[in-house]
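The values are calculated or read from the model by the stated rules, or taken from the named source; none is laboratory data. Predicted model only: the values in this text are computed from it and were never measured. Positions of Cβ are generated from backbone atoms using ideal geometry, with glycine treated the same way; all protein chains shown enter the neighbour counts.
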Amino acid sequence: MKFVIGNWKMNGSRALLREMIQKMRDIKSENRAVLCVPFTMLDEKNDVVALGAQDVSTHERGAYTGEISASMLAEVGAKYVIVGHSERRMYHDETNDIVRDKATRALENGITPIICVGETMDEKRAGKTFDIITAAVRESVPSDVKDTIIIAYEPRWAIGAGITPTTAEIAEAHRVIADTLAYMGLDGTPILYGASVNSGNVGEITAIEHVDGVLVGGASLKPDEFVSIIHSAK
Ligand code: 13P
């Protein structure tokens, strides 16, 4: 079983979500599909695909205008939430500490956090990839985790760029993350790859050791393409 998780970012519509759900009805695959949609679509009830959010507040409740708490996500049925996506880290200055608090709130409310880590092109060029992702895993994962968490390795320079790291680069990054998780007593935690995944490259990517699935951006907005990715993840 591989995870195939779509991240719609600030795209899509309820009409597209309904079309996607229709297309996904006939899927014959043991892979687990999830769609992380905008907050406003999370209440779309269906028996085909689990829905998740793309962010959550660090706070439980209170005077935080515009924020959404983990208990509110749980109330509308969200099963997953992406935390620390590179776009949140980049545009909203989210640090590993903030990401850890968000993941903690999710776990407290029975929601599986999908914790994103990844290096920038500058960090890659400076040879810091493994330091960055090791620190991000150690600092962004809550202590004393008892329920499932998911880690997503998303090299920031490859997101939306139509380019992917080499198979060897993905394998090395995932091995480093797996070793870090094992050191933390969290071996077996699923590790997903994300950035420029499509139906053409998903088979090769998911065949790499320690790649337990994919986090898909742009290609998850095209129903036929997303269904094909779910079928092709091996
Ligand atoms: P793309 O698949 O569009 O590169 O986006 C990846 C991503 O950010 C998923 O979270």
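Can we say TYR183 is under 17 Å from ILE132 (Cα atoms), surrounded by fewer than 22 Cβ atoms within 10 Å (Cβ to Cβ) and of a type in the set (Phe, Trp, Tyr)?
Numbers: under 17 Å from ILE132 (Cα atoms): yes; surrounded by fewer than 22 Cβ atoms within 10 Å (Cβ to Cβ): yes; of a type in the set (Phe, Trp, Tyr): yes.
It is true that TYR183 is under 17 Å from ILE132 (Cα atoms), surrounded by fewer than 22 Cβ atoms within 10 Å (Cβ to Cβ) and of a type in the set (Phe, Trp, Tyr).
May I ask you to list the residues in segment 41-67 that are touching a residue at least 24 places away in the same chain (Cβ under 8 Å) and of a type in the set (Val, Ile, Thr)?
VAL48, VAL49, VAL56, THR58
Report yes if GLY200 is more than 14 Å from MET1 (Cα to Cα), without any contact (Cβ under 8 Å) to a residue 24 or more places away in the chain and either among the aliphatic types (A, V, I, L, M) or away from the ligand (no atom under 14 Å from the Cβ) (or both), otherwise no. Don't jump to the end; show me each part of the working.
Working: more than 14 Å from MET1 (Cα to Cα): yes; without any contact (Cβ under 8 Å) to a residue 24 or more places away in the chain: yes; either among the aliphatic types (A, V, I, L, M) or away from the ligand (no atom under 14 Å from the Cβ) (or both): no.
So GLY200 fails the test.
So, ARG88, is that one in a helix (DSSP H, G or I), of a type in the set (D, E, K, R) and surrounded by fewer than 22 Cβ atoms within 10 Å (Cβ to Cβ) or not? Working first, answer last.
Values: in a helix (DSSP H, G or I): yes; of a type in the set (D, E, K, R): yes; surrounded by fewer than 22 Cβ atoms within 10 Å (Cβ to Cβ): yes.
Judged against the criteria, ARG88 is a match.
Within segment 203-229, how many residues turn out to be away from the ligand (no atom under 12 Å from the Cβ) and either of a type in the set (Ser, Thr, Tyr) or touching an Asp or Glu at 6+ places or on another chain (Cβ under 6 Å) (or both)?
Looking only at that region, the number is 3.
Can you pull out every residue in segment 136-147 that is modelled with pLDDT of 95 or more and in contact with a strand residue (DSSP E or B) (Cβ under 9 Å, 6 or more places away or on another chain)?
From segment 136-147, those modelled with pLDDT of 95 or more are 136-142; that's our starting set.
The answer is ALA136, VAL137, SER140, VAL141, PRO142.
So which residues in segment 1-25 are polar (S, T, N, Q), surrounded by fewer than 18 Cβ atoms within 10 Å (Cβ to Cβ) and within 15 Å of the ligand (Cβ to nearest atom)? Step through it out loud before you land on a result.
Start the filter on segment 1-25 by keeping residues that are polar (S, T, N, Q), which leaves 7, 11, 13, 22.
Among the residues that remain, those that are also surrounded by fewer than 18 Cβ atoms within 10 Å (Cβ to Cβ) are: 11, 13, 22.
Listed by number, the list holds a single entry, ASN11.
Over 18 Å from the mean Cα position of the chain (by Cα), touching a residue at least 24 places away in the same chain (Cβ under 8 Å) and either over 23 Å from VAL37 (Cβ atoms) or away from the ligand (no atom under 16 Å from the Cβ) (or both): is that true of GLU108 in this structure? Spell out the reasoning first.
On the way: over 18 Å from the mean Cα position of the chain (by Cα): yes; touching a residue at least 24 places away in the same chain (Cβ under 8 Å): yes; either over 23 Å from VAL37 (Cβ atoms) or away from the ligand (no atom under 16 Å from the Cβ) (or both): yes.
So GLU108 fits the description; yes.
Looking at ALA78, is it in a helix (DSSP H, G or I) and touching a residue at least 12 places away in the same chain (Cβ under 8 Å)? Walk me through it before giving the result.
Working: in a helix (DSSP H, G or I): no; touching a residue at least 12 places away in the same chain (Cβ under 8 Å): yes.
No; evaluated as a whole, the condition is false for this residue.
Given (1) surrounded by 19 or more Cβ atoms within 10 Å (Cβ to Cβ); (2) out of contact with any strand residue (DSSP E or B) (no Cβ under 6 Å at 6 or more places or on another chain); (3) under 30 Å from LYS234 (Cβ atoms); (4) not hydroxyl-bearing (Ser, Thr, Tyr), identify the lone condition not met by LYS28.
That leaves (1) as the condition not met.
Which condition number in (1) without any contact (Cβ under 8 Å) to a residue 40 or more places away in the chain; (2) of a type in the set (A, V, I, L, M); (3) crowded, with 18+ Cβ neighbours inside 10 Å; (4) more than 16 Å from the ligand (Cβ to nearest atom) is the one that ALA70 fails?
Every listed condition holds for ALA70 apart from (1).
Restricting to segment 88-105, give me the number of residues that are over 16 Å from ALA136 (Cβ atoms) and in contact (Cβ under 8 Å) with a residue 40 or more places away in the chain.
Of the residues in that region, 1 qualify.
Hey, among the residues in segment 111-148 that are aliphatic (A, V, I, L, M) and within 16 Å of the ligand (Cβ to nearest atom), which one's nearest to ALA74 (Cα to Cα)?
Restricting attention to segment 111-148, the residues satisfying the condition of being aliphatic (A, V, I, L, M) are 111, 114-115, 117, 121, 126, 132-133, 135-137, 141, 145.
Remaining after also requiring within 16 Å of the ligand (Cβ to nearest atom): 114-115, 117, 121, 133, 136.
Details: ILE114: 15, ILE115: 18, VAL117: 24, MET121: 36, ILE133: 29, ALA136: 26 Å.
The extreme case among them is ILE114.
So for segment 97-104 (the condition being charged (D, E, K, R) and within 16 Å of the ligand (Cβ to nearest atom)), does at least one residue qualify? Walk me through how you get there before you give the answer.
At the first step, the residues of segment 97-104 found to be charged (D, E, K, R) are 97, 100-102.
Right, trim to within 16 Å of the ligand (Cβ to nearest atom) and you get 102.
Yes, there is a match, as at least one residue in segment 97-104 is charged (D, E, K, R) and within 16 Å of the ligand (Cβ to nearest atom).
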